[in-house]
Amino acid sequence: MGYFERARARYPGGRPNEEAREIQRRFMRIVERGLAPFSVVLETRGRTSGQPRRVPLVMVRRRGIRYLVSMLGPDVGWVRNARAAGGRAAIIRRRREEVVLTEVPTAERAPILRRYLLLALGARPHMSVRWNSPLREFERVAGEYPVFRVDRATD
């Protein structure tokens, strides 16, 4: 079994198995210390439990704006939690920052997705487009992958 097949096998049905959860837990400790370039830990509140939920993600910048992408599509916990919380969340990388996540319209996602796949090597096995595909291919699949702009919360 090749790398892509092993990586996809860790997320049956778009959900992390125990191996993937353990990898995430270990990686979160590295990210929280600021030792992983481009990565952050996103903390959302659980939709039903209200408990904090954390997941490591790659955060990309494009034209000075920060973005988070769901490599597994719209039916993942952090996306559903962010939507339920009106975008209120926190990102952690050396320090905690309260943020607001705003979903990017599908028509604007393609260049962000392309940038994301340049940086998020671990996402490549999970997305239906290759990192070096033409922009029109990213436009074709943009509706499959939620993208959120990350703004500092102003309370």
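The values are calculated or read from the model by the stated rules, or taken from the named source; none is laboratory data. Keep in mind that what you see is a predicted model, and the values were worked out from it rather than measured. Glycine also receives a Cβ, built like all others from the backbone with ideal geometry; neighbour counts cover every protein chain displayed. Remember, those area values only see protein heavy atoms, side chains included, never the ligands or the DNA or RNA. Shrake-Rupley method; radii C 1.70, N 1.55, O 1.52, S 1.80 Å.
Descriptive notes on the structure:
- Per atom type, the chain shows carbon and sulfur on 50% of its accessible surface, probed at 1.4 Å.
- Estimated Rh, the range 1-108: Kirkwood, alpha-carbon pairs, angstrom: 14.8
- Taking a quarter of the surface of the Cα convex hull of the range 33-72 gives a mean projected area of 3.8 nm².
- Solvent exposure of the chain as accessible area per residue, Å², 1.4 Å probe: 57
- Placing +1 on the Cβ of every Lys and Arg and -1 on the Cβ of every Asp and Glu, with nothing else charged, gives the range 1-136 a dipole about its Cα centre of roughly 300 debye.
- Extension reserve of the R53-D151 stretch, reckoned as 0.36 nm per residue once the Cα distance is removed: 33.4 nm
- Mean Cα-pair separation over length for the chain, i.e. relative contact order, pairs under 8 Å, 6 or more apart, %: 25
- Dipole of the chain, positive direction: furthest Cα of Q24, Y11, N81, with charges on the beta-carbon: Q24
- DSSP-loop trypsin sites (Lys or Arg not before Pro) across the range 94-125, with at most 14 other Cβ within 10 angstrom: R94
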